[in-house]
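First comes the structure, then the notes that go with it.
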Amino acid sequence: MKANTLLPLLGLSGSAVGAVVNRNNQGPFGYASGSKQSIANLKDKVENVVWILLENRGFDNILGGVHKKGLDNVVNNGPFCNPVSVSAPNGQKICSQFKDFDSVIHDPDHSVTGVNFELYGTYNPSNDAIANGTLKPSLDGFVERQADRYKISSQLATEEVMGYYSEDEIPTLVNLVDEFTTFNYWHSCVPGPTNPNRLCAIAGTADGHGSNDNDFDVSAIDIPSIFQVASEKGISWKNYDGTNGAFLSDALFFNWTAANAKSSVVPFENFYQDAYLGTLPKLSYLNPSCCGLDTNSMHPSGNVSTGQVLLKQIYDAVRTGPQWDKTLLLITFDETGDNKTYTEKATDGSTYTLNFDRLGGRMPTWLVSPYTPQGHIENFGIDPATGKSASYSATSVLKTLGYLWDLQDFTPRVSHSPAFDHLIGPNARRNTPTTLANPHPFPEAV
């Protein structure tokens, strides 16, 4: 099994623990990330950033069936298999297959300990062994964990966590792959759930949070965020809130926002008005709706088709609005460490302490801009602190925004995050599609 490509619904791969490979550090336009030429070009070409984090989908689940040369996915490098039971690794196995659902009813386990089981076949792996490389992720536990959690058959569990979509089912996303830049190795901050990952993306650290605890519901997070830092630098921003009151939008995780900038958290529909009228702020951060049927974040049981509708609406508004030529649109997902610890009791009663020193899942991510190369597949980036090859991750956005707006690195994690400034070229393409392909519903079972 090729550990760095088996990426089921949660998209968790062997490279999540920090793969390093040899690569030329020159980008597609001949300059390296972080170079004077690259940063100057970024500042010249980009005035507005639109950033959306969708929910809980892995690279192979979404892009596993896309026949694009260079994509590290199932149809190019699979199939990939799981044993029915991790205790019998040489027993019956079931393999990834072209069969998934528009709405996956059974939400896979993305708690810290659940992810441990899926990656390592145990709820309580040795952190020391992971750190020194003697314990590597087998990715053998997805089917067993899903089947055990929901008391469903191994076959259904396989369809839910190791299935993938055909090109016909995801035309809007295939359009993004064909027209813009797709990242092969983009990981979440934390091998765990939603809010710690969203926090890490916008603040550079999960701040010791390993679960969706109450602090996120009462604006109790007391660390600087991109929203606070932007305000202090005079950089305009809005958090377009599509949560419909189900929970706080991401900017309101922070007590600073609640006390000083509530007016910058606005209804999601305002985004379309601002995009069409050319009044988008320097930073537009979008919260989709979540997490049940007919929501648009793609979080199970939310539909993949309605998530595509949302992305088409966002793209079409930006593309046909007057700010397109100066806008960078970054589409990614939420789900993963830093140096604090988090302790969680697992289903089997054991206790596990997460040191926040490893990445989580590999997720679909697109860089959309008239200046990014058409149909480009980006592999690994460069750790700017060491010069070594490294996976992109959620905090790569903060590193890139740091180059764009002269921001200090939020955390050591951000200091080590590859940026993607070098993927913005010197000349605008004039053949970018005016609209993305229309999505459509598809059967619950293919």
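When the residues of the range 383-412 are narrowed to those that are assigned to a helix (DSSP H, G or I) and in contact with a strand residue (DSSP E or B) (Cβ under 8 Å, 6 or more places away or on another chain), which ends up surrounded by the fewest Cβ atoms within 10 Å (Cβ to Cβ)?
My answer is 404.
Picking from 259, 275, which residue would you name as being surrounded by 18 or more Cβ atoms within 10 Å (Cβ to Cβ) and part of a helix (DSSP H, G or I)?
Residue meeting the stated conditions: 275.
Within the set of pairs 6+ apart or on separate chains, which have a first residue in the range 141-157 that is assigned to a helix (DSSP H, G or I), a second that is of a type in the set (Phe, Trp, Tyr), and C-beta atoms under 7 Å apart?
145/117
Conditions (1) modelled with pLDDT of 95 or more; (2) touching a Gly at 6+ places or on another chain (Cβ under 9 Å), marked per residue:
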| site | (1), (2) |
| --- | --- |
| 322 | yes, yes |
| 325 | yes, no |
| 345 | no, no |
| 355 | no, yes |
| 366 | yes, no |
| 371 | yes, yes |
| 409 | yes, yes |
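Out of all the residues in the range 236-283, which are of a type in the set (Val, Ile, Thr) and farther than 22 Å from residue 223 by Cβ?
Within the range 236-283, 266, 279 meet the criteria.
Only one of these is modelled with pLDDT of 95 or more, closer than 30 Å to residue 63 by Cβ and not basic (Lys, Arg): 259, 251. Name it.
Only one candidate passes the filter, namely 251.
Can you find even one residue in the range 161-182 that is in a helix (DSSP H, G or I), modelled with pLDDT under 95, surrounded by 24 or more Cβ atoms within 10 Å (Cβ to Cβ) and on the phi < 0 side of the Ramachandran plot?
Scanning the range 161-182 turns up at least one residue that is in a helix (DSSP H, G or I), modelled with pLDDT under 95, surrounded by 24 or more Cβ atoms within 10 Å (Cβ to Cβ) and on the phi < 0 side of the Ramachandran plot.
What number goes with the only condition from (1) surrounded by fewer than 24 Cβ atoms within 10 Å (Cβ to Cβ); (2) at pLDDT 95 or above that residue 150 does not pass?
(2)
Looking only at the range 109-141, which residues are modelled with pLDDT of 85 or more and charged (D, E, K, R)?
128, 136, 140
From the list 334, 338, which residue is crowded, with 16+ Cβ neighbours inside 10 Å, touching a Lys or Arg at 6+ places or on another chain (Cβ under 8 Å) and at pLDDT 65 or above?
After applying the criteria, what remains is 334.
Could you please let me know if residue 121 is farther than 29 Å from residue 305 by Cβ and either surrounded by fewer than 20 Cβ atoms within 10 Å (Cβ to Cβ) or among the small types (Gly, Ala, Ser) (or both)?
yes
Inside the range 291-334, can you point out the residues that are in contact with a strand residue (DSSP E or B) (Cβ under 9 Å, 6 or more places away or on another chain), in a loop (DSSP other than H, G, I, E, B) and under 30 Å from residue 357 (Cβ atoms)?
Across the range 291-334, the qualifying residues are 297, 298, 299, 300, 334.
Can you tell me which residues in the range 34-72 are small (Gly, Ala, Ser), under 30 Å from residue 406 (Cβ atoms) and in a loop (DSSP other than H, G, I, E, B)?
Those that are small (Gly, Ala, Ser), under 30 Å from residue 406 (Cβ atoms) and in a loop (DSSP other than H, G, I, E, B): 34, 35.
Which of (1) surrounded by 24 or more Cβ atoms within 10 Å (Cβ to Cβ); (2) over 16 Å from residue 398 (Cα atoms); (3) of a type in the set (Val, Ile, Thr) does residue 226 not meet, given it meets every other one?
Going through the list (1) surrounded by 24 or more Cβ atoms within 10 Å (Cβ to Cβ); (2) over 16 Å from residue 398 (Cα atoms); (3) of a type in the set (Val, Ile, Thr), residue 226 breaks only (2).
With the structure loaded, tell me whether residue 381 is farther than 30 Å from residue 111 by Cβ, among the small types (Gly, Ala, Ser) and modelled with pLDDT of 95 or more or whether it fails that test.
Taking the combined requirement at face value, the residue does not satisfy it.
Considering (1) at pLDDT below 95; (2) more than 30 Å from residue 111 (Cα to Cα), say which one residue 362 fails and leave the rest.
Status for residue 362: all satisfied but (2).
In the range 234-286, which residues are hydroxyl-bearing (Ser, Thr, Tyr) and closer than 17 Å to residue 49 by Cα?
If the condition is that a residue be hydroxyl-bearing (Ser, Thr, Tyr) and closer than 17 Å to residue 49 by Cα, then 236, 240, 264, 272, 276, 279, 284, 285 are the ones that fit.
Which of the residues belonging to the range 55-108 are of a type in the set (Val, Ile, Thr), modelled with pLDDT of 90 or more and under 19 Å from the mean Cα position of the chain (by Cα)?
62, 66, 74
Is it fair to say residue 403 is under 20 Å from residue 190 (Cβ atoms) and aromatic (Phe, Trp, Tyr)?
no
For residues in the range 49-87 being of a type in the set (S, T, N, Q) and surrounded by 20 or more Cβ atoms within 10 Å (Cβ to Cβ), which is nearest to residue 293 (Cα to Cα)?
For the range 49-87, the residue satisfying everything is 56.
The values are calculated or read from the model by the stated rules, or taken from the named source; none is laboratory data. Values in this document were obtained by computation on a predicted structure and should not be read as measured data. Heads up, the Cβs are rebuilt from the backbone with ideal geometry, glycines too, and the neighbour counts pull from every protein chain shown.
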